[in-house]
Amino acid sequence: MSELPKAYNPKEAEPEIYRRWLASGYFNPDSLPAAGPEAYSISMPPANATGVLHMGHAVMIAIQDILIRFERMSGKRTLWLPGTDHAAIATQNVVEKELKNGGLKRHDLGREEFLKRVDVFVRDSQTTIRRQIQTLGASCDWSRERFTLDEGLSAAVRHAFVELYRDGLIYRGDRIVNWCPKDQSTLADDEVEYVEKKTPFYYFRYGPVVIGTARPETKFGDKVIVVHPNDKRYDKLVGTSFDVEWILGPIRAAVIADPAADPGLGSGALTLTPAHSFVDFELAKKHGLEILPIIGHDGRLTDAAGPFKGMKVQEAREKVVQILKAKGLIERIDENYVHHLSVCYRCGTPVEPLVSKQWFVAVDQPAKRLRGRSLKQRALEVVVKNEVAFVPERFADVYRQWMENLHDWCISRQIWYGHRIPVWYKDDQVHVGTTPPGTGWKQDEDTLDTWFSSALWTFSTLGWPDQTKDLKVFHPTSVMETGYDIIFFWVARMILMSTYLLGEVPFRTVYLHGLVRDRRGRKMSKSLGNGIDPLVMAEKYGADAVRLSLVIGTTPGNDQRLYEEKIASYRNYANKVWNIARFLALQDSTPTVGPAGGSLADRWIQSRLHALIRDVTKDLKRFRFSSAAERTYAFVWHEFADWYLEIAKVEKNIALAREVFGAAITLLHPFMPFVTEHVWTKLALGKKVLMVADWPAANPALIDPRSESEFASLQQRIMALRQERKKAGVLTRTMVVRLKKDDPAWDHQAIVERLARVRLAAA
RNA sequence: GGGUUCGUAGCUCAGUUGGUUAGAGCGCCACAUUGACAUUGUGGAGGUCAGAGGUUCAAAUCCUCUCGGACCCACCA
């Protein structure tokens, strides 16, 4: 032990410790020796198969590992299930980009060959992700690792689809959807982002009215003018039709009345572009009007645009404006109009609202299995009734507001990578089922939205639809821990699916962490180059330091700023823990005879320890990780090391020092698993690995306010003497302080003299 | 437009249901090195808790407004 190096070297120690944990088998709840009947489980949010772990993942791993280790040490049968998500669009994009570099498109390879390429990429990526998660010390059960495209999970997806379809909750329909012309796929509402962009806004004369638009190129097929029924200006026009001069010559325009038109806005009249506007599409359907696509799925104009056919949107726009200008139909142009442009959240391409055949989950449809309530109603109910609790609570409101406004969920995507929709066609027959009904049937070309499969994650990973033992024991999972930015994408959809398919919530509590930002509060991003790589930091300062820096000084649901010095300061802390262990290792631990019941310092440190155990345990149960970590940090460094160990150099109660230190690093273990496990072994503090040591129990009998206040006065006395010495300028040598005979400092003469670096003398 | 959130020491942030003198880390200043640790120790400076008003015996904490920052949702033909 005396050959322990002066400084802790995490880079050397950590991989070895992780190997020992793996070898112990204790990551797997089935081999936990001391586990009681109570189960505790967390589904690790599956990392995207595209890649590389960032600080957001590190936060998630740190927090979940804290919960898991705490519960495991508390005797629960603890499962933390890791995995990866195929992240269809994102992954396909990456591989397509690679192909593009070689001058290829996916259609050059064909579906099968392309998917093979994706598989190779994904397998490689998964290996990286696995190693990264391990580097951070995650005590998850690798024997249960899952991937959303595994055979088992794919079967779950098909099963879920078929069940929902048979219950009338999935349908195929003609709908206007957000279409990304670049990804060649639809996007869900929340996959669309809005960016502000200055675009010219045109006012055109259209017969008797003036219409405004930022999209002139979509207006070829506008044949209907809508006005408000109470708008007197247009009273006489409603129900009539007449010829108006338009882009390609005169067209017949009809006037209808609908309250959707706002009389106060512009001229109070609008023309309908049914195939390229959500509002117009609904109106057109309502009034039974023709829906004529002007823009195709390739982002180019269709036959309906006559001579403009095949032209790209931007080009067509300029041409249309030129023509209308030449015809004198332009009223005016607002060049400074700030437009909220819809763009694809993956690639940033402007989204086209287009009409197409898609599959939908009906969220408002009453369901027999939910006793007549809809998916949406049930998903709202579980949160309102607190069957699912949010931490922090305010996100329950955010969730509720969003769920109330949820529209039917478009689940089909026109990409290759992902779960193929389990629908087969033959002639004019359609079969929905987990397998084709016979030969000659052709499967639907589309794949499912990635979130459809991740919505099943908490139970598909446990073997559903089979009623496995794991499913019974570990579902509902205990906690879902993830970033608040995916409440809608993921959390809400898991609740939707689980409450329907299993009739139970997917998790009892949702804990949401905030985003990790840079020192200036900006989002970390590749383009800004301001990202801090968790693995580079772990390499430099140790995984323990990275984890602690992500936990201390943060509160649930709030963003945090991270910078390297913060991580470095916790590296120093790990080193402190290490050096305490070094000191203890060098001492003779044979118990020394002290005062009965222990010295004042003994009683004090035990009182402080047991108060700490009580407080940290309470903090962890309430998800107050920062508080728990800070308390432990302060205790180890500023109470145990700074005071108790200094006194131990006088009183020599090394046996108690070891005992207290052992308990303290047990409390610290969920936060800093590596260094604590390391010194636990080096000091031979227990028989088992620390990872499965018993969580300490607070003994209220040892919490002793009288000893604490008595010790506090001793500390005050010592600090006052240190100040006196500093004031006197006696710096290097021991100063003589004259005290009266009845001064209480005499009771602890040796301690006072050593800690204050003074010599006491009789006055 | 609807909603959420933040504004506490130079910097990054804690502050549990309102309750002694508002805390931590980093940074700063001064000093300390023969035996756990300079990735250290000791002492110190530094805050009218964004501003105004209100509720209360008592407000960083609750309410209202103002100023400033961030985010989410919706969306203008």
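The values are calculated or read from the model by the stated rules, or taken from the named source; none is laboratory data. Because the structure is a prediction, the values reported are computed rather than measured. As a convention, Cβ positions derive from the backbone with ideal geometry for all residues, glycine included, and neighbour counts pool all protein chains shown. Surface areas here come from the heavy atoms of the whole protein model, side chains and all, with no ligands, DNA or RNA. Shrake-Rupley method; radii C 1.70, N 1.55, O 1.52, S 1.80 Å.
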(message) Sort A:41-53, A:747-759 by packing, meaning the average of other beta carbons within 10 Å per residue, with the highest value first.
(response) A:41-53, A:747-759
(request) Classify segment A:585-691 as rounded, prolate or oblate, taking a ≥ b ≥ c as the square roots of the eigenvalues of its Cα gyration tensor: rounded when a/c is under 1.5, otherwise prolate if a/b is larger than b/c and oblate if not. (result) oblate
(request) Can you check what the Kirkwood hydrodynamic radius comes to for segment A:1-54, Cα pairs only, in Å to one decimal? (result) 15.2 Å
(request) Name the residues whose placed amide hydrogens come within less than 5 Å of the amide hydrogen of A:R517, ignoring near sequence neighbours (fewer than 5 apart) on the same chain. (result) A:Q560, A:R561, A:L562
(request) Pull out a ≥ b ≥ c, the square roots of the eigenvalues of the alpha-carbon gyration tensor of chain A, then state rounded if a/c is under 1.5, prolate if not and a/b is larger than b/c, and oblate in the remaining case. (result) prolate
(message) Taking a ≥ b ≥ c as the square roots of the Cα gyration tensor eigenvalues, with a/c under 1.5 meaning rounded and otherwise prolate when a/b beats b/c, else oblate, which class fits segment A:445-504?
(response) oblate
(message) Run the simple label-point estimate for A:E16 and A:Q715 please: 7 Å along Cα→C-beta, distance reported in nm.
(response) 3.6 nm
(request) Place a +1 charge on the Cβ of each Lys and Arg in chain A and a -1 charge on the Cβ of each Asp and Glu, then give the dipole magnitude about the Cα centre in debye, rounded to the nearest 20. (result) 1880 debye
(request) Positive end of the charge dipole of segment A:248-314 (Lys, Arg +1 and Asp, Glu -1 on Cβ, about the Cα centre): tell me which of A:A257, A:P274, A:I294 has its Cα farthest that way. (result) A:I294
(message) Can you compute the helix-only [θ] at 222 nm over chain A? Use -39500 (n - 2.57) per DSSP H run of at least 4 residues, normalise by all residues, nearest 500 deg cm²/dmol.
(response) -12000 deg cm²/dmol
(request) Can you tell me how much longer the chain between A:V52 and A:E113 gets when fully stretched, taken as 0.36 nm per residue apart minus their C-alpha distance, in nm with one decimal? (result) 19.5 nm
(request) Report, in debye and to the nearest 20, how large the dipole of segment A:652-727 comes out about its Cα centre when Lys and Arg carry +1 and Asp and Glu carry -1 on their Cβ. (result) 460 debye
(message) If the only charges are +1 at each Lys and Arg Cβ and -1 at each Asp and Glu Cβ, what is the size of the charge dipole of segment A:435-495 around the Cα centre, to the nearest 20 debye?
(response) 280 debye
(message) 5 Å is the cut-off here: which amide hydrogens, built 1.01 Å from N in the peptide plane, fall below it relative to A:Y40, excluding neighbours closer than 5 in sequence?
(response) A:R77, A:T78, A:L79
(message) From the phi angles alone, apply the Karplus equation (6.51, -1.76, 1.60; θ = phi - 60°) to segment A:243-254 and give each ³J(HN,Hα) in whole Hz, x where the residue is Gly or Pro.
(response) 8, 10, 6, 9, 3, 9, x, x, 9, 8, 10, 10
(request) For A:H339, enumerate residues with amide H under 5 Å from its amide H, sequence gap 5+ or separate chain, H modeled in the peptide plane. (result) A:K197, A:K198, A:T199
(request) Average the reciprocal distances over every distinct pair of alpha-carbons in segment A:666-707, invert the result, and give the Kirkwood radius in Å. (result) 11.7 Å
(request) Please figure out what share of the DSSP beta bridges in chain A is antiparallel and state it in percent, rounded to the nearest 5. (result) 65 percent
(message) So if I take the centroid of the Cα atoms in segment A:686-763 and the same for segment A:204-263, what is the distance between those two points in Å?
(response) 88 Å
(request) Order the peptides A:425-435, A:150-160 from the highest to the lowest mean number of other Cβ atoms within 10 Å of their residues. (result) A:150-160, A:425-435
(request) Please give the FRET efficiency for A:K442 paired with A:N336, using the beta carbon to beta carbon distance and R0 = 56 Å, rounded to the nearest 0.05. (result) 0.60
(message) Considering the Cα positions of segment A:617-763, please state its Rg to one decimal place and its Dmax as a whole number of Å.
(response) 18.8, 56
(request) First compute the accessible area of chain A with a 1.4 Å probe, then give the percent of it belonging to carbon and sulfur atoms. (result) 50 percent
(message) Show me, for segment A:420-428, the HN-Hα J-couplings you get by feeding each phi into the Karplus relation (A = 6.51, B = -1.76, C = 1.60, θ = phi - 60°), rounded to Hz, glycine and proline as x.
(response) 5, 5, x, 10, 10, 10, 8, 6, 9
